[in-house]
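Derivation of every value follows stated rules applied to the coordinates shown; laboratory data play no part. Everything numeric here is computed off the predicted structure, so don't read it as measured data. We place every Cβ from the backbone using ideal geometry, glycine too, and count neighbours over all the protein chains shown.
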Amino acid sequence: MAINEKAARLASLKARIEQEHVRMGLLSDVWFWPERDGVKGFLGAAPIIVAGLNPSKGRGRPRRGLKETDEFFYRCLREEGLVDAHITDVVKIRATKKDAPLLFYNPTILKLHRDYFIREVKIVQPAVVVVVGIDAWNVLRGWNLIAPEGRQEFIFRVSAKSNVAVIRTVHPAATRFPKRTAERRARFRKDVRQAYKLAHSRGIH
């Protein structure tokens with residue numbers, strides 16, 4: 001499937017998600033990574049997925065801490081060649097850190113957003129998946145999309161017959177704390193660079 005067709009299908013999926021959340025009375029809390037500084041965000045359709053847990057309550061609203069970490073996040077993706085990566089969250093509803101766990105105890109929300117995420121995977125057909133933060137990692141493992149491979153390695157299940165590399169990295173929000181900012185930002189950049197190399201080692205341009 002051509003990248004333009006994938007992007008069109010992702011746009012259709014986004015519209016469908018918004019329509020379904022209108023019916024649920026949750027449209028104001030649905031959020032997607034926007035295009036910014038040349039990075040396509042949710043509509044990126046290159047075969048690299050960057051997935052976090054869920055958007056914070058401050059997403060889409062001006063807050064200094066979020067602005068700084070988002071600037072780093074987008075800048076890093078741009079500088080490391082991931083401008084067309086598909087950036088998403090496993091659950092696309094904004095919530096505070098305190099309230100976020102409630103989303104994952106709601107079977108209706110959980111099933112709905114698992115179905116959305118699997119649909120994204122089917123559209124993008126990733127060569128590598130970058131999972132942002134331990135919480136997103138645990139959800140994807142619980143959904144049986146991440147599975148162990150050998151003693152220390154893990155794979156991401158694109159389908160019953162297709163597995164790809166998966167990388168767990170630090171959450172960009174964790175890079176804003178002074179004591180470990182440089183270390184964590186270096187880790188995030190290293191992992192993003194590795195994703196780019198893995199994707200391109202499979203002949204993807």
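Rounded to the nearest 20 debye, the dipole magnitude of the range 90-200 is 400 debye, with +1 charges on Lys and Arg beta carbons, -1 on Asp and Glu beta carbons, and the Cα centre as origin.
Arranged by the count of other C-beta atoms within 10 angstrom, fewest first, what order do 130, 22, 91, 170 take? Present the calculation step by step, with values, prior to reporting the outcome.
On the way: 130 28, 22 12, 91 25, 170 18.
Ordered by Cβ neighbours within 10 Å, fewest first: 22, 170, 91, 130.
Pairwise Cα distances in the range 67-110 exceed 12 Å for 70 percent of all pairs. For residue 52, the residues 5 or more places off, or on other chains, whose built amide H falls under 5 Å of its own are 88, 89, 90, 132.
Helix-only estimate, please: 222 nm mean residue ellipticity of the chain, summing -39500 (n - 2.57) across DSSP H runs of length 4 or more and dividing by its residues, to the nearest 500. Present the calculation step by step, with values, prior to reporting the outcome.
Values: 6 runs with 89 residues, N = 205.
Mean residue ellipticity at 222 nm (helix-derived): -14000 deg cm²/dmol.
For a test of the definition: using alpha carbon positions, the gyration tensor, and the 1.5 limit on a/c, classify the chain as rounded, prolate or oblate. Rounded, because the longest to shortest axis ratio a/c is under 1.5.
Ranked by Cβ crowding within 10 angstrom, fewest neighbours first, how are 26, 140, 43 ordered?
Numbers: 26 15, 140 24, 43 19.
Ascending number of Cβ neighbours within 10 Å: 26, 43, 140.
Which order results if 33, 137, 143 are arranged by neighbouring Cβ count within 10 Å, fewest first? Let's see the in-between values first.
On the way: 33 24, 137 19, 143 15.
In increasing order of surrounding Cβ atoms, one gets 143, 137, 33.
Does the range 94-205 classify as rounded, prolate or oblate by the C-alpha gyration tensor (a ≥ b ≥ c root eigenvalues; a/c under 1.5 gives rounded; else a/b over b/c gives prolate, otherwise oblate)?
Details: a/c = 1.84, a/b = 1.01, b/c = 1.83.
The shape class here is oblate.
Taking every C-alpha pair closer than 8 Å and separated by at least 6 residues, the mean separation divided by the residue count of the chain gives a relative contact order of 23 percent.
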